[in-house]
Structures are given as structure tokens and as C-alpha cells.
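Just below is one structure, and these are the notes that go with it.
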Amino acid sequence: MIHEIDVREPGDRADNSRRETLQAAAEEVSDNVLPGDHRVEVMSLDATTGNAAVVSSHDASPGQGDHVARALRHVQRISPALGLTADQPPEYVADPVEQTTSAGAVAVHLRQQYKGILIYDAAETVRFEPDGSIREVAGSSVTAPPDLPVAPTVTPEQALRSAADHVAQPGDPADAPLDQFGQPMTDPGLDLTAFAPVQRTSGADRADRPTTFDAPPFTHVVTVSLVWFPLGDSLRLAWHTKLAVPGGAAFRIIVDAQDGRLLLVKRLTQAVAGRATVVLRPGAPAAAVDFPLAATTYGAPVPANLPAGFPYDWLTDTTTRGSSVQAVIEPGSTTVSGTSQNGKVTFQTDPATPDGLAVNLFALCSSMHDLLYLLGFREVDGNFQADNLGNGGRPADAVLAHVHPGAVWGTANMGSPPDGSQPTMNMGLVTSTNRHTALDADVVFHEYTHGLTNRLVGGALDDASLDAIQSAGMGEGWSDFFACTAMGKTVVGDWVVNQPGGIRRFRYDESFPDDYGDLGTGRYDEVHNIGELWCATLMSLSRVIGAWTAAQVVVDALKLTAANPSFLAARDGILLAADHYSQARGDDATTRADFVHSVWTVFAQRGMGPQARTGGAANLTGIVTDFAPPPRPTATATLHGAAAPALAIPDNQVAGVISRIELPESGPVESVSVTVDITHTYIGDLEVALTSPDGHSVALHSRAGSSGHDLHHTWTNADLPGLGTLTGGPSGGTWTLAVADRAARDTGRLDSWSLEIAVGEKRTGVEASATPALPIPDNKATGIRSEVTITETGVISALLLDVDITHTYIGDLEVKLVGPDGTRVKVHGRTGAGNDNLITTYTSESGVLASFVGKQVQGTWALTVADRAGQDVGKLNRWRLAATL
Ligand SMILES: [Zn+2]
């Protein structure tokens with residue numbers, strides 16, 4: 001156990017004569033300094049400093065405006081009553097954020113300084129009534145002796161070494177103090193043998209000289225700065241630092257700046273391991289698990305850049321008031337306590353009881369904190385933690401999660417104010433099933449994700465970033481998406497409402513019927529329903545690029561998305577994040593372009609292609625769909641081959657010499673670059689030609705250059721258009737270079753040559769057709785269905801559908817193509833009125849079949865034809881599918 005130290009003696013300076021002195025000062029400032037009828041009275045004294053603990057105001061006038069400036073002015077005016085001497089300047093710095101209660105009372109927090117350096121543990125809070133008048137000043141200020149010198153003899157580095165030496169000593173286990181259950185409390189040691197503080201920045205321009213050092217062996221960057229430490233009747237100049245050690249503990253350490261003595265060592269966090277019986281999946285049996293869950297539990301990739309000590313301990317003491325969530329039972333906001341044994345806190349609660357619900361909610365919220373941490377929702381991103389462990393962002397915002405035994409508004413809800421303020425989650429009972437949402441991870445994760453999206457979209461300080469209706473709808477959609485992803489499901493809330501389809505209209509699979517064009521129509525005028533469209537799109541993305549890849553890209557995109565996005569703005573964030581993601585994992589340019597294209601196909605399938613438009617995020621008008629993804633990028637793989645035959649070229653002979661290069665088949669030729677190195681004394685004698693594997697020849701050099709020596713040259717499509725005749729041919733096989741000397745006397749040698757061939761994507765075609773010759777029943781919605789099966793596998797890059805239907809009134813007909821995954825596209829929807837016969841071709845290029853691009857070709861395809869009006873009849877003669885992979 002690392003020893004805590006505090007060299008201050010607990011004194012009692014709050015005697016009667018001191019009280020009389022301060023009260024006399026209060027009367028003096030009331031008579032002569034304070035404006036109007038405003039009077040102050042010393043109500044109580046701080047025993048340690050002997051100064052005023054509370055100074056109340058009477059008859060203060062209701063003020064207007066800047067509370068911070070008024071608080072500073074008031075404390076300066078009454079400084080003699082607070083205990084400051086006449087020659088001690090009242091130096092205070094204000095927290096610029098004033099706190100306001102729901103009733104309109106305001107608190108301003110001030111910290112005391114001396115010569116520009118903070119005094120440890122000296123602070124005042126000025127409280128204002130809702131009418132703006134000053135109510136009281138509470139806290140404690142320190143009396144400073146006149147003119148203390150500000151010259152440390154200990155350097156920041158020496159102070160850091162002293163502090164490090166202390167936390168490196170876990171101490172003798174026999175001396176370890178006992179916790180409240182009588183168990184010894186021990187820390188891991190810290191190996192300092194290789195420790196050499198590396199200074200990053202020096203704060204020599206500031207009075208408190210903040211100096212930073214590289215983190216190792218600590219888990220966070222270390223800052224050392226000057227502070228005054230009140231000791232006896234004086235102030236000691238001291239260095240202040242915080243050290244976070246692997247394992248989760250952190251310490252505040254104050255080192256005397258004159259003699260290097262440790263003045264204060266205080267443990268800031270106490271992380272605790274735990275165990276409880278909880279329900280981590282809705283409807284699963286309760287099971288005992290250890291807190292925290294291992295980072296590998298969630299199925300998400302565990303990134304390499306996690307801070308030491310992650311996952312942090314969920315518990316900070318023996319209760320459900322933990323490091324990232326405070327789970328309490330209503331009414332009364334009571335926490336649940338466990339029992340501590342062998343350094344581990346065990347909750348012996350039954351999930352069916354209110355205590356068990358709180359423990360369950362605690363575990364689910366803590367696990368969601370950890371899962372989202374893996375995906376990049378961390379301290380600097382505005383996540384929810386009581387202590388940010390020096391990792392940036394604003395602390396003191398663990399989720400306040402309330403378990404309500406009965407129903408609550410909305411069954412469950414979550415509100416998240418800006419970073420640094422605690423979000424509130426309320427979880428209630430579903431009365432129809434008597435099942436509690438605190439046992440349903442779907443619902444808890446949905447609610448928790450509201451915190452994620454509110455913090456990330458538009459930044460952690462903007463809590464109005466999802467107000468616009470499209471944005472708010474996506475807020476619901478993101479919440480369902482993360483719940484589905486974490487649970488590996490396509491429905492949410494199915495257990496808690498005891499319905500297999502859950503609480504949404506449709507399952508989030510490929511049968512989800514609607515698209516962006518439906519926004520603002522029918523039921524898509526309400527945020528949860530709007531959210532279904534967004535979640536369905538994200539779930540398609542999951543199936544195309546992988547669930548955790550999609551989750552990562554979506555979290556990344558949330559950080560890139562400006563406040564109050566439309567669907568299309570959020571789509572753009574996802575496309576950008578996908579491009580970054582692909583690049584970061586080392587994809588080559590082709591793979592990266594393909595990856596981004598696959599994301600486009602998902603959005604295009606829901607009508608959010610490149611030409612889609614919206615009137616704005618705040619409304620559901622002006623929406624134009626686009627179902628065609630942008631063209632698929634062509635591949636640019638490059639093949640290389642070289643040969644160094646060193647062949648003498650026979651003089652004046654038409655056959656000449658030939659040299660061959662074999663290349664593997666990699667797809668069609670896009671462009672060719674060929675380089676030859678020929679030594680010769682008269683290149684005007686030479687003819688050089690390249691022949692491709694399928695027998696096309698291109699003349700490279702035809703007796704040009706007259707008496708020039710040596711042919712060292714590279715030909716490309718750009719400077720020799722004849723090479724373009726090879727485009728589209730096979731890259732694989734034998735490439736032949738022929739060199740002939742066609743005139744007598746001068747001779748030479750083919751030393752070497754090389755080929756560089758850019759190869760396009762290898763495309764294969766797949767076809768299937770059927771000749772059902774099926775009569776189409778008149779005026780019957782179910783119609784007929786004809787199927788074909790494709791056994792080849794591959795991803796569709798283009799699709800063509802030929803249809804041959806004879807009919808006497810094609811305006812009666814509805815024709816749909818159904819893919820193997822259930823994707824259903826209407827190719828003909830009762831258009832054409834009284835025209836005869838539907839004999840036509842549909843393609844993915846023209847848009848109507850674009851939904852199938854990017855999907856797997858293998859499986860059973862169906863064409864359905866229905867005649868939806870009486871009288872005219874017809875027959876499905878034949879249909880054919882042709883896919884390019
Ligand atoms: Zn919601």
C-alpha cells in the first residue's frame with residue numbers, strides 16, 4: 001500500500017478571540033465598504049485556517065449580470081472578514097463556468113492565489129439567490145505572511161523524482177492498512193530503474209512554472225507546477241503533481257520546493273475489482289461475472305493504443321457509485337453496497353430485486369462504457385467518467401443511472417448535457433410484461449448511445465447538436481444500431497416486450513422495405529420511425545463491410561459530423577471515415593476505392609446515392625432520392641516482367657532475335673509500358689516490335705534515328721498510341737519482343753528489356769435464364785413466380801435483366817426481381833397503359849437494378865409478375881439474368 005502523507009497538524013484555530021476579530025472586520029466592511037444596506041456577518045470559522053468558513057449577506061441588492069465579476073468584487077471587498085491581512089492582496093481566480101440550479105440560484109467558484117500561484121485547498125464559493133442578490137460566501141481563505149519569496153531551490157525534475165520514488169514503493173504488506181472489511185490494501189510496485197524524466201515543456205513564463213514530462217512509467221503525461229502549501233502560520237512554496245500508475249490508481253503529491261520533503265501524498269482514485277450476478281444479454285440466465293469484463297469480451301477489435309490499465313476498474317469503492325456510472329434505486333437515489341473480500345467487492349444481489357436491477361444496470365452501463373472506449377469514445381471525446389485520469393476532456397460526468405421500480409416516461413430515457421456534466425439515464429418497468437428495462441441490454445445500450453451521439457456530433461460541448469428532425473431521427477437510429485451490433489441482433493427490445501419482432505415495425509435485415517424517399521411520408525414523420533430507416537441503412541453497411549468495421553467507421557464518422565446533420569450529411573461523414581479507415585489499415589488504392597464504393601452502394605440502395613438531395617436536416621421536405629451508386633472504380637494492379645538476354649542481333653536479317661517474358665494472368669490489359677536496352681552502332685537499321693499473348697503486334701521502332709547509337713527507350717500508351725490496341729487483351733501468357741537489323745554493316749546486341757502492364761479488373765460474366773411460359777392470372781396480386789439459381793460466387797458489378805412477357809395491356813402488370821438475399825426491386829410498375837407486350841431489358845447502369853450492385857450473385861433469383869387489373873391477360877415467356885462480377 002502506497003502510504004498517504006499529510007504533514008499538516010490538525011489544529012484548532014477557531015477560538016473566540018479569532019471569531020471576534022473577524023466579526024469586527026465584517027462590521028467594518030459593512031459600515032464602510034459594502035454598497036447600500038448590504039451587511040455581512042461571520043457565521044462560522046474553519047478550524048484549520050482559523051478564518052471565516054461562511055460569511056452571510058443581509059439586505060444585498062438584487063444584482064444584474066456578470067456573476068463572476070460580481071463574485072470577485074464582493075470577495076475582495078470583504079477580504080478582512082475572510083481573514084486576509086491589510087497588506088495581503090485579495091487574489092482570487094474564478095472558474096469561468098458559473099453553475100446554475102434548476103431554480104435559478106447561481107454559484108461561482110473562486111480559488112485563492114498568492115503572487116500568482118494557487119494556494120492548496122484555499123477556495124471560496126459565492127452563492128447568489130435566484131433574484132441575483134449575494135447570499136453568502138463559503139469556503140476558506142488563507143492568511144499569508146508578508147512578502148514570501150518565490151524562488152524554489154528544488155527543480156521540477158527533482159520533485160518528480162521524489163514523488164516517483166514514493167509511489168514506486170508499495171511498502172511492506174505487513175504494514176498495509178486494512179480496508180473497512182479488515183483486508184490489507186496493497187498496490188503493485190513500479191520499476192524506476194530505467195526512469196529518466198524527459199521534459200516536454202517548461203512554464204518559465206508563468207508564476208507557477210507548469211512543467212510537463214513524458215508519461216512513462218506513469219500512464220499519463222506528468223505536469224509539475226508550483227503551489228503554496230499552508231503549514232502552521234505560513235505557506236510553504238511547493239511543487240504539485242499528479243501521478244497515475246498502471247493499474248488505475250492516481251496520487252496527488254506535493255513536494256516542498258525548498259527542502260524536497262513530501263508534504264502531501266493523497267490517493268485520488270481507488271479502483272476496485274468486483275463480481276456480481278447479472279444478465280448481460282436480454283433473456284439470458286443470470287450469471288456471475290467479474291468486473292470489469294475483459295476487453296476481448298465484446299467481440300470488437302481491441303486497439304493497440306489503449307492506455308495502460310484499461311479496462312479501468314468499474315468500482316471505486318464497495319458500492320454501485322463507480323468510475324463511469326452511478327447506478328441508484330428510486331425513490332431515494334440509494335446505491336447498492338457489496339461486501340469486500342480478498343480485495344474484491346462482491347454483490348450478492350438477485351437481478352429480480354431492485355438492488356439487483358441497479359447492479360445489473362451498473363454492469364451494463366460499465367460494459368457499454370468499455371465497448372465504446374474500444375471504438376474510440378474516450379476521455380478527450382467527452383465520454384462519461386468520474387475521473388478522466390489525466391487523459392483530457394472534462395471529468396465528473398459518470399452516468400447517473402436511475403432504476404425506477406415502476407414505469408417511467410418513455411419506458412427508458414437518457415439526457416446528456418455537455419462534457420463535464422453528468423448525463424441522466426432513467427430505466428423503468430414495462431408493465432405489460434412486468435419485465436424491467438434494466439435487465440435488457442438492448443434498451444440500456446440504446447439509451448447509452450444517445451449519450452455517445454449527443455457528445456460526438458458537433459463536439460462534446462454542444463448539447464443541441466441533434467435537434468433537427470432528421471438528426472434526432474438518426475439519433476434513434478444510431479442507438480438501435482449500436483444495440484443491435486453489440487448484441488449481434490436485428491431487433492431491439494424483443495425480450496422486454498416479449499415479442500419476437502421487438503419494438504420496431506420491421507426487422508433490420510435486407511427485407512426492410514423503405515428508403516430515403518419515404519421520409520416525410522406515412523409514418524416517417526416521427527423520430528423513432530425515421531431512426532428505423534437510418535438504422536436499416538447502417539445494418540446493411542454492417543453486412544457489407546462487417547459489423548465491427550461498420551461500428552468503428554460509424555463512431556469515427558460521428559466525430560467528423562457537424563451539428564444537426566441531415567441523413568446525407570451523416571452519409572458523407574461515413575464515406576469520409578470509411579476512406580480514412582481503409583487507408584489506415586494499409587489498403588492499396590484499389591482496395592480503398594472499392595471499400596468506399598461498397599459503402600456508396602449501401603446508401604444508394606436506400607436512395608441516398610450521389611444525386612440524392614434534401615431540403616435540410618430540420619425538415620422532411622425537398623427530398624430527392626438517387627438509387628445509383630457512383631461508377632465502380634477500375635483496378636490498377638500493375639504487373640512487372642524483365643529479361644536480360646544479351647542476344648547478338650544478326651546483321652541484315654529479317655528474322656532477327658526474339659526474347660520472351662512470361663506474365664501471370666491478372667486481368668485485362670489497361671496500359672503497357674515497355675523499355676528496351678539495345679546496344680547498336682546505327683539504330684536506323686533496327687526494327688523492334690512487341691507481341692502480346694493473344695498475338696497482337698505493335699511496332700515500337702521502325703528504322704528511325706538513322707546513325708544514332710544505342711536504343712535505350714521506354715514506350716507508353718501516352719507516346720505510342722499503337723499500344724492502345726493491346727488494351728482489353730489478356731495480361732497473362734507470353735510477351736515477345738522481336739528485334740531485327742534490316743541493313744548491312746552495323747551490328748549490335750539486345751541487352752535487356754522490361755514490361756510494366758497496368759491490369760484492369762478481371763471481369764467474369766454469369767448468366768441464367770428461364771423459359772417458364774407461365775400464364776399470368778388475371779387481376780390477382782400474388783401473380784406468378786419464376787426462379788433461377790446461380791451457383792457461381794462473386795460480387796455483382798453490373799446486372800442486366802431481359803424480360804419477355806406477352807400481354808394485351810401492360811399497364812396491368814407489376815414485375816419485380818428478387819435477389820438471393822431478399823432484395824426486391826420493382827422493374828415495371830403498371831406503366832405503359834394499353835401497350836402490348838413487355839419485351840425489354842433493364843440494367844444496373846440505368847439505375848433500376850443498381851440495388852444489386854455490390855451484392856453476392858450466388859443463390860436463387862426470382863422474377864414475380866402480377867396482373868393487377870381485370871380483363872386483359874398474358875404470359876411470362878422467358879427471362880434472362882446476366883451479371884458481370
Ligand atoms: Zn431513443
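The values are calculated or read from the model by the stated rules, or taken from the named source; none is laboratory data. Not measured: the values here are computed from a predicted model. Because the Cβ atoms are built from the backbone with ideal geometry, glycine has one as well, and the counts that use them run over all protein chains shown. Please note that ligands, DNA and RNA were not included when accessible areas were found on the heavy atoms of the full protein model with its side chains. Shrake-Rupley method; radii C 1.70, N 1.55, O 1.52, S 1.80 Å.
Annotations
- Potential extension, residue 745-residue 658 segment - 0.36 nm per residue separation minus Cα distance: 29.3 nm
- Each residue, residue 432 and residue 806, gets one label point 7 Å from its Cα in the Cβ direction; the gap between the two is 5.3 nm.
- Separation of the stretch 423-498 from the stretch 744-812 is 43 Å, based on Cα centroids.
- Cα centroid of the stretch 27-76 to Cα centroid of the stretch 333-359, whole Å: 46
- Here residue 826 sits with roughly 110 square angstrom of accessible surface, probe radius 1.4 Å.
- Farthest toward positive dipole pole in the stretch 637-759 [+1 Lys/Arg, -1 Asp/Glu at C-beta], among 743, 690, 731: 743
- Measuring r between the beta carbons of residue 789 and residue 585 and using R0 = 45 Å, the FRET efficiency lands at 0.80.
- In a simple Cβ point-charge model (Lys, Arg +1; Asp, Glu -1; nothing else charged), the stretch 722-864 has a dipole of about 180 debye relative to its Cα centre.
- For residue 115, a cut-off of 17 angstrom between C-alpha atoms picks up these aspartates and glutamates, skipping any fewer than 8 places away in its own chain: 87, 91, 147, 205, 208.
- Maximal additional length on extending the residue 699-residue 93 stretch stands at 209.8 nm, based on 0.36 nm per residue less the C-alpha distance.
- For the chain, size of Cβ-based charge dipole, Lys and Arg +1, Asp and Glu -1, in debye: 1460
- Residue-level accessible surface for residue 571, protein heavy atoms, 1.4 Å, Å²: 20
- Extreme residue, positive dipole direction of the stretch 369-512, given options 410, 474, 398 (C-beta unit charges): 410
- Surface analysis of the stretch 16-140 yields an accessible area of 48 Å² per residue, using protein heavy atoms and a 1.4 Å probe.
- Förster-model FRET efficiency, 56 Å R0, residue 86 and residue 199, C-beta, rounded to 0.05: 0.85
- Cα-centred dipole magnitude for the stretch 25-94, charges only on beta-carbon of K, R (+1) and D, E (-1), debye, nearest 20: 200
- Fully extended contour minus Cα-Cα distance, from residue 767 to residue 39, at 0.36 nm per residue: 252.7 nm
- DSSP bridge orientation in the chain - percent antiparallel, rounded to nearest 5: 90
- By DSSP, the beta bridges lying fully in the stretch 273-457 are antiparallel in about 55 percent of cases.
- From its DSSP helices (H runs of at least four residues, each -39,500 (n - 2.57)), the chain gives a residue-normalised ellipticity at 222 nm of -6500 deg cm²/dmol.
- With 32 Å as the limit on Cα-Cα distance, the pairs of 266/559; 559/816; 266/344; 242/489; 344/559 that go past it are 266/559; 559/816; 242/489; 344/559.
- A dipole drawn for the chain from +1 and -1 charges on Cβ atoms has a positive end, and of 243, 760, 154 the residue lying farthest that way is 760.
- Between the stretch 672-739 and the stretch 122-160, the alpha-carbon center distance in angstrom: 84
- Carbon and sulfur %, accessible surface of the chain computed with the full protein complex present, 1.4 Å: 50
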